[in-house]
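Below is one structure, written out as structure tokens, with a few remarks after it.
None of the figures in this text is laboratory data; all of them are computed from the coordinates on show. As the structure is a computational prediction, the values presented were derived from the model and not from experiment. A quick note on method: Cβ atoms are made from the backbone with ideal geometry, for glycine too, and the neighbour counts reach across all protein chains shown.
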Amino acid sequence: MLKFDIEKRDGLARVGVIHTPHGNIKTPAFVGAATRATVKALTMKEMRELGSQAILANTYHLILRPGADLIKEASGLAEFSSWHGPTFTDSGGFQIFSLPDVKISENGVKFKSHIDGANFEMTPESSMQDQWKIGADIHMAFDHLAKSENYEDMKEAMERTHRWLDRCIAEHRLISAASTAGPVEQYLYAVVQGGTFNDLRAESAKYCASKNPDGFGIGGVFTAEGMSEMLKTVNSILPEDKPRHLLGMGQEPIDLFVGAEYGCDTFDCVGPTRMARNGSLYTLDGRINIKNAKYTHDFTPLMEDCDCECCKNYNKAYLHHLFKTDEITAKVLASIHNEYFIVHTVDQIRESILDGSFQEYKTKFLSRYYH
Ligand SMILES: [Zn+2]
């Protein structure tokens, strides 16, 4: 079993440490989105220097290119990418169900590659086999994402997700038992579905908990307004002693505060670096668009008191110039700042839970950020 120590609790919120074969993750923590085994515009050295503790890659993207076998040949994701720290893989379900022309059956999903139209099939078993080859420390079970947000579709997708979870667990155990030459252990999270319906979320949390996986992903769609109720429902049911990952959330700082307050331990999101590449940058007073003409002569740092490489060395006028002239460095510096901002906001959430000032920090941060 994956070792997870809880150091402090405050309601549903907790501070802990996940012990993975590639090192520890102090939680709550924001995990870098390394979809194709790289965080866009950033090197792994830059990721380490900005304080990132772990990365999450995507199985769908990696089986298309370069292929799971090649990553296995390279001794796994951490070694292949030179990250060398804790790693997660998402199952690929979310991306596959978002493609056009997806054929779903009880066995699995048939789809065409978005790159060259080649035919692929993913089943719970093949997702587990591919994730073992990719070799991340923590894998996500292959889940069915509902095709619409109505109750019947959500319920059907949740029930299939549960049947597929049984198959994922069986396959995971089979591979684990057979991998005598495997240098390290790999772990499996069940994924809680149920969309925006709290009764389905409760049913899914109970089912996933009963299967005794190493941890839990919380996936699928939910609204920002409904998130705290949904997490309260789910995390009151999930066993306390196992880690929980909120899948794909973390673009908006408020989601990280709500997620941590209601018992989530790790988060991932492509939003911070995607926005950075578009010139949309976090500050404590909210997001700004650095391409705006008003920054042409602004020689102050992007954010006062930010210790990132971008804010320590460059000013807004320079960043504005880099974006206006479409220099690659614009994307690099902006990504360093946005990723640092989100990683450190979650680190601060951790510190505030530890010293009992979480509510104070949350109110202060959110009222300033969202005015
Ligand atoms: Zn900065």
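Details
- Residue 362 meets the conditions (1) among the charged types (D, E, K, R); (2) buried (at least 17 other Cβ atoms within 10 Å of the Cβ); (3) within 16 Å of the ligand (Cβ to nearest atom) in every case but one. The failed one is (3).
- Within segment 105-127, the set of residues being of a type outside the set (Gly, Ala, Ser) and under 15 Å from residue 162 (Cα atoms) comprises 106, 107, 123, 124, 125.
- For segment 285-343, the tally of residues that are assigned to a helix (DSSP H, G or I) and within 12 Å of the ligand (Cβ to nearest atom) stands at 18.
- Pair list, Cβ under 9 Å, 6 or more apart: segment 283-298 residue in contact (Cβ under 8 Å) with a residue 12 or more places away in the chain, other residue acidic (Asp, Glu): 283/304; 284/304; 284/305
- Long-range neighbours under 8 Å by Cβ, at least six apart or interchain, first residue basic (Lys, Arg) within segment 299-322, second more than 10 Å from the ligand (Cβ to nearest atom): 316/290; 316/295; 316/298; 316/299; 316/300
- Residues within segment 210-232 that are more than 23 Å from residue 95 (Cβ to Cβ), of a type outside the set (Asp, Glu) and surrounded by fewer than 23 Cβ atoms within 10 Å (Cβ to Cβ), tallied: 6
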